[in-house]
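The values are calculated or read from the model by the stated rules, or taken from the named source; none is laboratory data. For clarity, every value in this text was computed on a predicted model and none was experimentally measured. Using ideal geometry, Cβ is built from the backbone for each residue, glycine included, and neighbour counts are taken over all protein chains shown.
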Amino acid sequence: MGVRDAASALLLGLLCLLHTWGARAVVEINMEDKVEAFLGDTTQITCMFKSDDFGGSGGLTIEWYYVKSSKDTQRIYSQDSLHSTVDKNTPYTDRITVNTTGTTGEVVLTIRDVQLSDDEVAFKCHVKIIGEKEAVGSTKLKVFKTPEDPTIQGVEKGISVSDEVTKIASCEVKNGYPKPKITWYRNNMPLHNTPDVVKVDHRITTQSTGLFSVNSDLNMKVEKKDKDAVFYCEVTFLVPGAEKMLESNSINITVFYPPTTVNLWVESPKGKIKEGDTVELRCASDGSSESQIFTIGSDIGPRLTMENVTRRDSNVYFCTVEDFENFVTLSTNNTVFVNYLDEVVIEPTGSVLVDWKKEFSATCNALSSLSTSTTWFKNGKEVEKGHHLNLKAVTYDTAGTYVCVVTVPESPGMQAHASLQLNVQGPPEMIEKQLNEKETNERELELTCHVRSFPTPNITWGTSNGKIISSSNHMTDVGAKSVAKVEVSITSNTTVFCNASNEFGKDSVTYVIKFTKHTTTPATTTTTISPTTITAANTTNNTSTSTNAAKPKSTVKAETPKPQEKVQKGSYGVVIAVIIICILLLAILGSVLYFLYKKGKICNRSGKKDFTKEKSSKDKIVVEMKSDNTEEAILLGVNGEKQLPNDQ
């Protein structure tokens, strides 16, 4: 309402001016020829007008009309100085609005939800001043709809080369507006109708929605070169202000044509063929007819597989192709040669015995269809190249297993080998040094003697005084190695000989053994015995005391030993036993003297000392034994003071 009132006020003002000036108005209108819009969008049509004098005697009126044809014209909007009205019961009653842009002499018609029926409709703007001639402007509306992506489909079966034009593919594009166009391409080159060569058929369908769909068939006279050709279709269509293009996917077609050549080759293995391989032969022609039949040897088919071939499979193989539809027969052949490598032959063979320090030679050969290379190995290490093995002044180190390996450089994997066992016979050879010194404090010593010899030697052990200790003969390894061991009793410095001999000679090794005795330093042992346990110690623990005293640098406290306690004997047991007996005798003597004293038999004088008041459990007798074979017994009082025996 605000816009409408403003427009009315504007027109009223212009009318007043015209009447005030009383001038004759001349109105001019400027509009675009056409306006373009996508289906369903909103579009605007602008009517711009101007007048030399708006102050004349009449008012200003504006009207909009749509024109589809001379018979289909209708007003859709009107406006004067007082009112503005959208006409009812028109195709645009509910889809248009009219307003000004704020610029004097400009009015805009807005059309919502553009439809296909709006296409090519002219919208006219009428502007007039009362009493004067009206001015009319017109704009045509163009409507567009982008089509769907095109689809292409080739014929399902193959096409034979012939002089006839045959359908090879079809293309379809749907729901476009205005009508889209289809163009065919082969290898990026457009195809056009050409008599007896290319024929393109287009069919346009109008959908119920008013949109257009286009179908196109491509028909061609197919040639052999078309087997590798790429075909696709292109759709061009209009959009507001431009022309656009969409391409379909690319397709190939299957072309059948008669063969002109045929080939036969070895598909696998690549390179030289050798015995044991699986060989695959393949045959193919340059034709592409469904009626072709291949034959290789006696097998029907384009492939022939032979497993685990031998030299007997070497032959000339033929392949034949027959095209019954085109009445063509072609043949070719290929030679297959299977290479071989025979077993290795070594001369001399088996196990060979060679004299020590003598020369030895052997040969190795293997028959092959290709050039070979020969290498000799021992213990995995290369020792010589070539067919001949030459060894000079053989030793026991030379003995062992020699392997001859024959290979074919042109064909990796072709390999054969054989082995030769070489034994060397000769005099014994000691592995240890001729003179060996050993120092030991053990009374039993094991000695080992290693000898290399073939045949196995006789090994004996002896001493410097000519005594034979032991003889042994143990072969432990091929290659002339023997091992002998002996246990020797050692009481002093001695010399032991290991002698080995066989029919070719003898050898020996000497062991100088220095014997060292054990040296120990005696230690002081102190034994403390309680008076209350003297008798028990005397009767049950003499052995234990002796054993403890025998240990150097150790102290033993003999208190109340258990009856079943285990003890060890020592070198000082006798001395300890004598000392204990003496202590017991002194104890008995002391007891007797004390008894007599109590009875007044001796020392009957006043001031006598009462020994019964002292605790006997605290009285101890300490005996100190020294390792220098001198003993001194000292009785200690209850206060720990030393007293001589005669002081008691």
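If I ask for residues that are at pLDDT 95 or above, surrounded by fewer than 21 Cβ atoms within 10 Å (Cβ to Cβ) and part of a loop (DSSP other than H, G, I, E, B), which ones from region 148-177 would you list?
Glu148, Asp149
Has region 255-262 got at least one residue that is more than 30 Å from Gln415 (Cβ to Cβ) and exposed (fewer than 14 other Cβ atoms within 10 Å of the Cβ)? Don't jump to the end; show me each part of the working.
Going through region 255-262, the residues more than 30 Å from Gln415 (Cβ to Cβ) turn out to be 255-262.
This time we only want the ones that are exposed (fewer than 14 other Cβ atoms within 10 Å of the Cβ), so: 260-261.
Scanning region 255-262, I find at least one residue that is more than 30 Å from Gln415 (Cβ to Cβ) and exposed (fewer than 14 other Cβ atoms within 10 Å of the Cβ), so the answer is yes.
Could you name every one of the strands (runs of 3 or more DSSP E) located completely within region 443-540 that has at least 2 residues being polar (S, T, N, Q), at pLDDT below 85 and farther than 17 Å from Tyr396 by Cβ?
Working: elements: 444-454, 458-463, 468-472, 475-477, 481-489, 494-502, 505-515, 525-529.
Passing ranges, in order: 468-472, 525-529.
Let me confirm something: among Asp286, Asp196, which residue is assigned by TED's automatic domain parsing to the domain that holds Arg312, surrounded by fewer than 17 Cβ atoms within 10 Å (Cβ to Cβ), more than 28 Å from Asp149 (Cβ to Cβ) and free of Cβ contacts under 8 Å to residues at least 60 places away in the same chain? Quick ask: steps written out before the conclusion?
Numbers: Asp196 fails: assigned by TED's automatic domain parsing to the domain that holds Arg312.
One residue alone meets the criteria, Asp286.
When region 290-307 is examined, which residues are found to be among the charged types (D, E, K, R) and in contact (Cβ under 8 Å) with a residue 12 or more places away in the chain?
Here is the first cut: in region 290-307, the residues among the charged types (D, E, K, R) are 290, 299, 303, 307.
Passing the criteria: Glu290, Arg303, Glu307.
So how many residues does region 77-113 have that are touching a residue at least 60 places away in the same chain (Cβ under 8 Å), under 16 Å from Cys47 (Cβ atoms) and small (Gly, Ala, Ser)?
Applying the first criterion (touching a residue at least 60 places away in the same chain (Cβ under 8 Å)) to region 77-113 yields 79-84, 99-100, 104, 106-113.
Narrowing further to those that are under 16 Å from Cys47 (Cβ atoms): 79-80, 84, 99-100, 104, 106-111.
Still in the running and small (Gly, Ala, Ser): 84.
Adding up the residues that qualify gives 1.
Is it fair to say Ser331 is surrounded by 12 or more Cβ atoms within 10 Å (Cβ to Cβ), within 25 Å of Trp265 (Cα to Cα) and either assigned by TED's automatic domain parsing to the domain that holds Val408 or of a type in the set (S, T, N, Q) (or both)?
yes
Of all residues in region 53-68 being within 14 Å of Val127 (Cα to Cα) and aromatic (Phe, Trp, Tyr), which is modelled with the lowest pLDDT?
Restricting to residues being within 14 Å of Val127 (Cα to Cα) and aromatic (Phe, Trp, Tyr), the top hit is Phe54.
Can you tell which of Glu172, Glu223, Glu243, Glu247 is under 48 Å from the mean Cα position of the chain (by Cα) and acidic (Asp, Glu)? Outline the logic, then answer.
Working: Glu172 fails: under 48 Å from the mean Cα position of the chain (by Cα); Glu223 fails: under 48 Å from the mean Cα position of the chain (by Cα); Glu243 fails: under 48 Å from the mean Cα position of the chain (by Cα).
None of the others qualify; the one that does is Glu247.
Taking the criterion of being under 23 Å from Pro348 (Cα atoms), out of contact with any Lys or Arg (no Cβ under 8 Å at 6 or more places or on another chain) and assigned by TED's automatic domain parsing to the domain that holds Asn499, would at least one residue in region 424-443 satisfy it?
From region 424-443, those under 23 Å from Pro348 (Cα atoms) are 424-426; that's our starting set.
Within this subset, residues satisfying the condition of being out of contact with any Lys or Arg (no Cβ under 8 Å at 6 or more places or on another chain) are 424-425.
Restricting the remaining residues to those that are assigned by TED's automatic domain parsing to the domain that holds Asn499 gives none.
For region 424-443, residues under 23 Å from Pro348 (Cα atoms), out of contact with any Lys or Arg (no Cβ under 8 Å at 6 or more places or on another chain) and assigned by TED's automatic domain parsing to the domain that holds Asn499: absent.
Cβ-Cβ below 8 Å, separation at least six or inter-chain, first residue in region 383-399 and of a type in the set (Val, Ile, Thr), second buried (at least 18 other Cβ atoms within 10 Å of the Cβ) and in a loop (DSSP other than H, G, I, E, B): which pairs?
Matching pairs, first to second residue: Val394/Trp356; Thr395/Trp356.
How many of the residues in region 199-237 are over 23 Å from Asp118 (Cβ atoms), of a type in the set (Gly, Ala, Ser) and in contact (Cβ under 8 Å) with a residue 60 or more places away in the chain?
Result for region 199-237: 0.
Any residue at all in region 228-247 that's surrounded by fewer than 17 Cβ atoms within 10 Å (Cβ to Cβ), within 23 Å of Ala37 (Cα to Cα) and charged (D, E, K, R)?
Yes, region 228-247 contains a residue that is surrounded by fewer than 17 Cβ atoms within 10 Å (Cβ to Cβ), within 23 Å of Ala37 (Cα to Cα) and charged (D, E, K, R).
Among (1) farther than 30 Å from Asn215 by Cβ; (2) surrounded by 13 or more Cβ atoms within 10 Å (Cβ to Cβ), where does Asn89 come up short?
So the condition that Asn89 fails would be (2).
Just name the residue that is modelled with the lowest pLDDT out of those in region 392-404 that are surrounded by fewer than 18 Cβ atoms within 10 Å (Cβ to Cβ) and outside any loop (DSSP other than H, G, I, E, B).
Among those that are surrounded by fewer than 18 Cβ atoms within 10 Å (Cβ to Cβ) and outside any loop (DSSP other than H, G, I, E, B), it is Gly400.
Only residues that are of a type in the set (A, V, I, L, M, F, W, C) and touching a Leu at 6+ places or on another chain (Cβ under 9 Å): list them for region 228-262, please.
Taking region 228-262 as the starting set, the residues that turn out to be of a type in the set (A, V, I, L, M, F, W, C) are 229-231, 233, 235, 237-239, 242, 245-246, 251, 253, 255-256, 262.
Selection gives Phe231, Cys233, Val235, Phe237, Val262.
Kindly check whether there is at least one residue in region 248-261 that is part of a strand (DSSP E or B), closer than 17 Å to Phe144 by Cα, in contact (Cβ under 8 Å) with a residue 24 or more places away in the chain and not polar (S, T, N, Q).
no
Please state which one of Ser368, Ser351 is of a type in the set (Gly, Ala, Ser) and at pLDDT below 95. Give the steps one after another, and end with the answer.
On the way: Ser368 fails: at pLDDT below 95.
After ruling out the rest, the residue left standing is Ser351.
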